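I have placed the structure first, in the form of structure tokens, so that the comments after it can refer back to it.
The values are calculated or read from the model by the stated rules, or taken from the named source; none is laboratory data. Small disclaimer: the values here were computed from a predicted structure and weren't measured. So basically every Cβ, Gly included, is an ideal-geometry build from the backbone, and we count neighbours across all protein chains shown.
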Amino acid sequence: MSNKKSSGNIKGFFIISFILLIVFSLGFFPVVFAWRILLIFISFNQLWHFFILPFFIYIGIIITIFFQVLISGIFIHVFNFKYKPGVYNYSINEKMAFKWIVVCALYTPVRKILEVFSLGIKNTYYRYLGMKIGDNCLVGGVIKDPCLTEFGKNITMGEYAIIYGHIHNYEKGTITMDTVKIGNNCIIGAGSIIMPGAILEDDVKLAAGAVVAKGQILKKGKIYGGIPAKEIKKKKKKS
């Protein structure tokens, strides 16, 4: 049984490595092709050519980032590498855990790149990964699991805020996945953390640095802060 499990892990490792090789290699093809075309017109054998070289390098970086984002997003979308809520064995042989590992491997480096070069395509990319996101949403923090995250309209998510759609239990060897729902007109403060299964109803304001516990529901129109997040009641004005 142990040998069978070990062989399954090795097989899964090679499958994931192959997927990463194909997807990220495809992302480099356009810039390699563009560079080959450029060399037809500019041979870089004159001094002034090297003054324009940095501009071409910058353009090449932008092209590479764009296609890495595009191809990884299309791959996850087309091959339906989207996991569903539930409690699963944290094993490469478990279907949902395998999908999570693949998405994590593809999405994490792209997400970090988009933190520097957003290119105005971040929300579109999230939609490719299965995230439901309404109009006029500013995502300044980290969405760990886009396919388990739902945003309404007019959401502001502060910098360094994190939304988790999964949590590990290393003692039991499981991974729990649950959907996080954010209603309309919500503000998520900088540095706050939202755990799996949490729900923020419409017009909720979450203070900076607050932690919303797993499965916690923040009621409509209220202000919350602290660890764990609790309602901050408005002080009554003295007459």
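The residues on offer are Leu21, Leu38, Leu26, Leu53, and the sole one that is exposed (fewer than 11 other Cβ atoms within 10 Å of the Cβ), among the aliphatic types (A, V, I, L, M) and either at pLDDT 95 or above or over 21 Å from Glu150 (Cα atoms) (or both) is Leu21. Say we look at the range 168-207 and pick out the residues that are in a strand (DSSP E or B) and of a type in the set (Ser, Thr, Tyr); which of these is farthest from Ala229 (Cα to Cα)? Here the residue is Thr174. Test Tyr224 against the criterion of being part of a strand (DSSP E or B) and farther than 18 Å from Gly86 by Cα, and give yes or no. So Tyr224 fits the description; yes.
Surrounded by fewer than 19 Cβ atoms within 10 Å (Cβ to Cβ) and on the phi > 0 side of the Ramachandran plot: which single residue out of Gly134, Gly86 fits that description?
Residue meeting the stated conditions: Gly86.
Every test in (1) closer than 27 Å to Thr156 by Cα; (2) exposed (fewer than 15 other Cβ atoms within 10 Å of the Cβ); (3) free of Cβ contacts under 8 Å to residues at least 60 places away in the same chain is passed by Val69 save one, and that test is (2).
Regarding the range 142-157, can at least one residue be identified that is touching a residue at least 24 places away in the same chain (Cβ under 8 Å), within 12 Å of the chain's Cα centre (by Cα) and over 23 Å from Val23 (Cα atoms)? Yes, there is a match, as at least one residue in the range 142-157 is touching a residue at least 24 places away in the same chain (Cβ under 8 Å), within 12 Å of the chain's Cα centre (by Cα) and over 23 Å from Val23 (Cα atoms). Of the residues making up the range 36-79, not one is under 30 Å from Leu106 (Cβ atoms), hydroxyl-bearing (Ser, Thr, Tyr) and assigned to a loop (DSSP other than H, G, I, E, B). Residues that are in contact with a helix residue (DSSP H, G or I) (Cβ under 6 Å, 6 or more places away or on another chain), under 30 Å from Asn185 (Cα atoms) and not in a strand (DSSP E or B): does the range 82-94 have at least one? Yes: the range 82-94 contains one or more residues that are in contact with a helix residue (DSSP H, G or I) (Cβ under 6 Å, 6 or more places away or on another chain), under 30 Å from Asn185 (Cα atoms) and not in a strand (DSSP E or B).
Within the range 56-99, restricting attention to residues that are aliphatic (A, V, I, L, M) and within 16 Å of the chain's Cα centre (by Cα), the residue that is nearest to Pro146 (Cα to Cα) is Ile76.
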